[in-house]
1. If Lys and Arg each add +1 and Asp and Glu each add -1, what is the summed charge of the other residues whose beta carbon sits under 14 Å from the beta carbon of residue 25?
2. If the cut-off is a Cα-Cα distance under 12 Å, which aspartates and glutamates reach residue 126, setting aside same-chain residues fewer than 8 apart in sequence?
3. Summing Lys, Arg as +1 and Asp, Glu as -1, what charge do residues with Cβ under 14 Å from the Cβ of residue 158 carry, residue 158 excluded?
4. Using the structure shown, list the pairs from 51/160; 93/146; 111/141; 125/156; 93/141 with a Cα-Cα distance above 23 Å, or answer none.
5. Applying 1/(1 + (r/R0)^6) with R0 = 35 Å to the Cβ-Cβ distance of residue 41 and residue 126, what FRET efficiency is obtained, to the nearest 0.05?
6. List every residue whose amide H lies under 5 Å from the amide H of residue 151, counting only residues 5 or more places away in sequence or on a different chain, with H placed 1.01 Å from N in the peptide plane.
7. Could you check the spin-label model distance between residue 72 and residue 150? Points 7 Å from the Cα along Cα→Cβ, value in nm.
8. Excluding residue 132 itself, what net charge comes from residues whose Cβ is under 14 Å from its Cβ, given Lys and Arg +1 and Asp and Glu -1?
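Just so it is clear, none of the values below were taken in a lab; they were calculated from the coordinates. Given the structure is predicted, the values throughout are model-derived calculations rather than measurements. Methodologically, a virtual Cβ is constructed for each residue, glycine included, from the backbone with ideal geometry; neighbour enumeration extends over all protein chains shown.
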Amino acid sequence: MISLMIGCASDNSGKVVRIDPRELRDSDANYGVEDLHIFTKSMIQSMLASKPFFKTKPFLSLRGIEIGKGVDEHIDTGLINNSIRTNLIKTTKVNFVDAKYAQTLDKKEVKNVDYILSGDIHAIKKNNTKNVDNFYMLSLKLTDSKSSKIVWTEDKEIRKVILK
């Protein structure tokens, strides 16, 4: 009975190896941590390069990344949101207003929000006898909260192909 309990306690066998979470190590064609890092880095660089936007240190509200129709795998959009917000805050070029907290405040207090950051992620997957072809696209937009004018938008595409 003890050997049965020990055998059930761990179904992982082999040596544990720690790796740099930022190292690009695709193990298959599906969305993974590598893609999160590529998307985040690309979007942050593009946004920071947007000169008209960064004349002042604006207040942003992150309204979230949505999953587009047709995405048939789990993509953690909360992780994308957190990564983009964290990396933007680390630049010290933006202020963030917590959208969840702001919903409980009086509208007069939320007037500090200059821009709303939102977007979506889409996927197109083809799997046949010859190959696996997965395409992902993250689209973000920054909207002026007072005029509703879109002041910045960017798409980042990732395509992974496995030849069988």
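1. Summing Lys/Arg as +1 and Asp/Glu as -1 gives -3.
2. 72
3. -4
4. Over 23 Å apart, Cα to Cα: 51/160.
5. 0.85
6. Here 142, 143, 144 satisfy the definition.
7. About 2.8 nm, to one decimal.
8. Surrounding charge for residue 132 is +1.
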